[in-house]
There are 2 protein chains.
Amino acid sequence: MYGIPTTKSGIILRIGQCVFAAVSIGVMAAASGFSTTTAFRYLIASMGLQFLWSFGQACFYIQAWRHHINLHRTTKLQLFVVGDWVTATLSLAAACSSAGVVVLYTKDTDICSVETKLSCGMFQISIAFAFVSWFLLAISSHLMFWLLAIL
Amino acid sequence: MYGIPTTKSGIILRIGQCVFAAVSIGVMAAASGFSTTTAFRYLIASMGLQFLWSFGQACFYIQAWRHHINLHRTTKLQLFVVGDWVTATLSLAAACSSAGVVVLYTKDTDICSVETKLSCGMFQISIAFAFVSWFLLAISSHLMFWLLAIL
């Protein structure tokens, strides 16, 4: 089964989540004028949490893959499933609230064309990376939940 | 097992989703000035979809409960799980993007106190109902996924 701990695809998924979350934080932090909007600050906090979580999970997956850990005996699995779900929900919430604000800035009003010190393009890139990171986490999260149910 | 089809708690969960989604649509549609913001229009569309989906599911649950349908033989279960997940994700996305815009209106700027024709209080009530509706759908969605995995 692809994507679960003890498989290479699972490790790649987790590392992908870390990388995209880190890029999302970097691009948002580099964009000028992000700090005036709560949604953008929340995106950075949420992507920070996702980075830490996915990094920890990646370490566990690598350990499980190298030492052939028997997942039946892992009591942590329930904790991991809950943690995955909470992190994924917070990430989606952050990405969507930021996307709602960016749509307001670019489509509903002309704030982006008037306020030249706001880097709207960078906001959009950061949010796109956040969505990719969330999507990878959602895949991992569902696979872990499936694993918990069938074990 | 609580909350699955063929149980009363499952039917109550589905009807709860319908009711909260309908109230959310009603409050948002009654709020003045919602149509200028894309996020609020998207909330109405998404809650409309959730209302239709949950209503259909409620009908299926009532049928399953009355006629004691054997869920093992239900090939629709996979379709229902995917539909639940897509609807729940869209609902959370709509609720969060609207919440991001409302926080921008009330906290980051003083648009709500300046523009008196915007009913910011009603936006907040509508979004709160949307979150409750999403939360109930998330519970149903996880129970269905669990059911699919163990059957």
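Observations, loosely collected:
- The condition (being crowded, with 19+ Cβ neighbours inside 10 Å and farther than 30 Å from residue A:135 by Cα) is satisfied by just one residue among B:94, B:64: B:64.
- Number of the condition not met by residue A:132 [criteria: (1) surrounded by fewer than 17 Cβ atoms within 10 Å (Cβ to Cβ); (2) away from chain B (no Cβ under 14 Å)]: (1)
- Meets criteria (closer than 30 Å to residue A:4 by Cβ and surrounded by fewer than 18 Cβ atoms within 10 Å (Cβ to Cβ)) for residue A:150: yes
- Scanning the stretch A:97-118 for residues that are more than 7 Å from every other protein chain (Cβ to nearest Cβ), outside any loop (DSSP other than H, G, I, E, B) and surrounded by 17 or more Cβ atoms within 10 Å (Cβ to Cβ) yields A:102, A:105, A:106, A:112.
- Output for the stretch A:39-61, where each listed residue is open to solvent by 90 Å² or more (accessible area, probe 1.4 Å) and within 14 Å of another protein chain (Cβ to nearest Cβ): A:41
- Checked against (1) farther than 25 Å from residue B:131 by Cβ; (2) free of Cβ contacts under 8 Å to residues at least 60 places away in the same chain; (3) of a type in the set (A, V, I, L, M, F, W, C), residue A:118 passes all but condition (2).
- The residue pairs whose first member lies in the stretch B:11-38 and is modelled with pLDDT of 95 or more and open to solvent by 40 Å² or more (accessible area, probe 1.4 Å), whose second member is among the polar types (S, T, N, Q) and in a helix (DSSP H, G or I), and whose beta carbons are closer than 6 Å, counting only pairs six or more residues apart or on different chains, are B:20/B:133.
- Tally of residues being open to solvent by 40 Å² or more (accessible area, probe 1.4 Å), within 20 Å of residue B:19 (Cα to Cα) and over 12 Å from the mean Cα position of the chain (by Cα) across the stretch B:67-85: 0
The values are calculated or read from the model by the stated rules, or taken from the named source; none is laboratory data. Note that the coordinates shown come from a computational prediction; the quantities given were computed from them, not determined experimentally. Counting neighbours? That spans all protein chains shown, and the Cβs are built from the backbone with ideal geometry, glycine included. These area figures cover heavy atoms from the full protein model, side chains too; ligands, DNA and RNA do not enter into them. Shrake-Rupley method; radii C 1.70, N 1.55, O 1.52, S 1.80 Å.
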